[in-house]
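Reading through the structure tokens given below for one structure.
Each value in this text was obtained by applying a stated rule to the coordinates, not by laboratory testing. Just so it is clear, the model here is predicted, and its values are computed rather than measured. Here the Cβ positions follow ideal geometry from the backbone for every residue, glycine too, while neighbour counts run over all protein chains shown.
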Amino acid sequence: MATQAKLITDPLASTAAAMPRERTMRELVWSRFRQHRAALLGVSVLTVILLLTIFVPIVTNYDPLKTNVDHIREAPSAQNIFGTDELGRDLFNRLWAGARISLMIGVATMMISVMIGTIMGAVAGYYGGAADNILMRFTDFMLSIPQLFLLLMFAQLLRTTNEPALSGGPFPIIIIIGVLSWMGIARLVRGEFLALRSKDFVEASRALGSNDARIIFRHILPNAASSLIVAATLRVGAAIITESTLSFLGFGVQPPTPTWGNMLKNAQAQMTYAPWTAIFPGLAIFITVLAINYVGDGLRDALDPRTIVKTEK
Amino acid sequence: MGKYILRRLLQAIPLVILISMTVFLLMNLIPGGPLAAYESPGITPEDLERLKHELGLDVPLHIQYWNWLSAIIRGNWGTSIVSGRPVLTEITERIFNTLYLSIVAFIGSLLISIPLGVTSATRQYSKIDNLATTIAFFGQSIPIFWMGLILIIIFNVMIKNPNTGGPLLPGGGMSTIGSDFSFEDRLKHLILPASVLIFFNLGTHVRYTRSGMLDVLHQDYIRTAHAKGLNKRTVILKHALRNSLLPLITIIGLELPGLFNGALITETIFSWPGMGRLFFNSIDRADYSVMMGVLLMNAILIVLSGLLTDIVYGFLNPRIRFD
């Protein structure tokens, strides 16, 4: 294979070239992913963020809800390296406590939208005809409503129920963002299914007596996995931004629980005299989402068999 | 052509009706329904019953919907319970402000992203290409509300105007309150919110121009044009660019919902008197008729812009036939 010959500089490739066996899919993907420098950097940044998210709250044992009136709005110093907020809480510790919730919301929301989007897209693409028509018109309809307006309305709806389980916590937010952001995934999966459903291996499986569910989930879906993985990665980033926007506007996770978004909620009011309260949580969102998007881009290149493998100079 | 426009217009009507139904049902989902806003300790259950009757809320839902829809068509969009003014007036006063901000941001973004996208596609993997992709990634990853805050901190709080000692740029509003119309004042108020929205659009626009251009550049007719001995400039600007911009037109129609999202956030941060801010404030105060009005107006604008995009696309692309 021509690509193998080009990849001799790669240690994995050279061992593979020395041995007469074909490289596995995983090795191929990894060797392509490694060439995407920004994606590698993204993975490292995400690893650091994840480690800090796990260990900072454990190590410092800081209660993110505890207020301290003696240290209100202190600028960053050796004690509080990110400064303190309007209730004297340490921003550094709150940032990592908030990270747990923000990241969890990002991943959980992605799972919901991937689940709904995959089912919608798979049914529409596999069965075609009327099912396709109805589901895709519904998808277009959902896409034609500005998402943020609906999110705010649903959030308000939950708030007015006065049900503690429904208002203020992360779970209702996960559900409403997830339920309103599956459309892109549905279109993508539908496209893949349309292209794959008439392939020979599907015919073969049908001839062997597989039912629709087996063909959809065991045969077609794994072939659509590459683009689904990329889209799912990017959805995590988008969901983190959506959650932070909602919380910033006061309709997301309610204080005192910290998330990256609601830490910024009071930032605008105190921007003139405590700008640090606005900078760090936003920077955390920006860096995390940027890293996720670069990893998604790297995965897109790595998983796409058409990507030309460049030799490193 | 006329026939095509008429047919598309007729196809758009069911969509608007569907959206109006959704809006109406959503409002009725809210606990307490449209009456919730009137509930206060001073109001008796009898008063509420009377209000319910006066507002026509004691008839079945489908009749309520029909009454509401026919009032909407006659131009009666209800009254805002916050300001006491007709909803349609509240919206039409602000719709221009939203469109003004969005259109400036949209055109501004295209003015940057078309040259950038074209250059980065013609010089793939060059420094400019890296810059363009980086901008696209940053635009996609930055929360726009945070970017707004940072711009206010930098240009309103930190950097001062050397002549007056005041802030360099205003951090909110459309013009200085109480002052006469001045072009300079308007422009100063526009810079920060427009920059935020431009950056928000830039990510998608750069990516689309770049990939559209890359697609076209690899086609045979471009090679033919080069082979004919045309200079590179003519080939790129006359042959490639015109065709590569076609896909960009389609996304303009698809982008309007996103633009409204962006406008809502920007308007809220920069106290810009537009529809997004109106909607945000009406949610906070449970002003249902305003919420419904803005949602419906958004839907109509989005459907119309989709229609307009299709028509413009048809005009510009001779391969599309209307029959």
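Using the Cα gyration tensor of the stretch B:215-323, with a ≥ b ≥ c the square roots of its eigenvalues, what is the shape: rounded (a/c below 1.5), prolate (a/b larger than b/c) or oblate (neither)? Verdict is prolate for the stretch B:215-323. Across peptide A:263-272, the mean count of Cβ atoms from other chains lying within 10 Å of each residue's own Cβ comes to 3. Taking the C-alpha atoms only, the angle from helix B:87-122 to the longest principal axis of chain B is near 20 degrees. Pairs exceeding 24 Å between alpha-carbon atoms, taken from B:160/B:188; B:127/B:160; A:66/A:265: B:127/B:160. For the pair residue A:131 and residue B:126, label points projected 7 Å from Cα toward Cβ lie 5.0 nm apart. Label-to-label distance, residue B:29 versus residue A:211, with points set 7 angstrom from Cα along the beta-carbon direction: 3.2 nm.
Express in whole angstrom the spacing between the alpha-carbon centres of the stretch B:90-127 and the stretch A:221-259. Between the Cα centres of the stretch B:90-127 and the stretch A:221-259 lies a distance of 25 Å. Sorted ascending by nearby beta carbons within 10 Å, beginning with the fewest, B:24, A:55, A:149 become A:55, B:24, A:149. Taking the fewest neighbouring Cβ atoms within 10 Å as the starting point, the ordered list for B:239, B:218 is B:218, B:239. Between amide H atoms placed 1.01 Å from N, distances below 5 Å from residue A:88 occur with A:68, A:73, all of them 5 or more places distant or on a separate chain. By the gyration tensor of its Cα atoms, with a ≥ b ≥ c the square roots of the eigenvalues, what is the shape of the protein assembly as shown: rounded for a/c under 1.5, prolate for a/b over b/c, or oblate? The shape class here is rounded. Helix A:91-127 and the longest principal axis of the Cα set of chain A meet at an angle near 30°.
Computed from point charges on the beta carbon alone (+1 for Lys and Arg, -1 for Asp and Glu), the dipole magnitude for the protein assembly as shown about its Cα centre is near 2600 Debye. Note on residue B:93 and residue A:79: the model spin-label points, each 7 Å out from Cα along the C-beta direction, lie 4.9 nm apart. When the protein assembly as shown is described by a simple charge dipole with +1 on each Lys and Arg Cβ and -1 on each Asp and Glu Cβ, the residue from A:82, A:55, B:2 located farthest towards its positive end is B:2.
Expressed as an acute angle from 0 to 90° and rounded to the nearest 10, what is the orientation of the C-alpha long axis of helix A:225-248 relative to the principal long axis of chain A? Its long axis makes an angle of about 20 degrees. Residue A:106: net charge of surrounding residues, Cβ under 10 Å, Lys/Arg +1, Asp/Glu -1, itself excluded? Net charge around residue A:106: 0.
Placing +1 on the Cβ of every Lys and Arg and -1 on the Cβ of every Asp and Glu, with no other charges, gives the stretch A:22-64 a dipole of roughly 300 debye about its Cα centre. For the stretch B:94-267, the percent of C-alpha pairs falling in each 10 Å distance bin, counted from 0 to the bin holding the largest distance, reads 9, 31, 29, 19, 9, 3, 0.
Each other residue within a Cβ distance under 12 Å of residue A:258 adds +1 if Lys or Arg and -1 if Asp or Glu, for a net charge of +2.
All Cα-Cα separations within chain B were binned at 10 Å from zero, giving a P(r) of 5, 20, 25, 23, 16, 8, 2, 1, 0, each value a whole percent of the pairs. Helical runs assigned H by DSSP (4 residues or longer) give the protein assembly as shown a calculated mean residue ellipticity at 222 nm of -22000 deg cm²/dmol, each run adding -39500 (n - 2.57) before division by the residue total.
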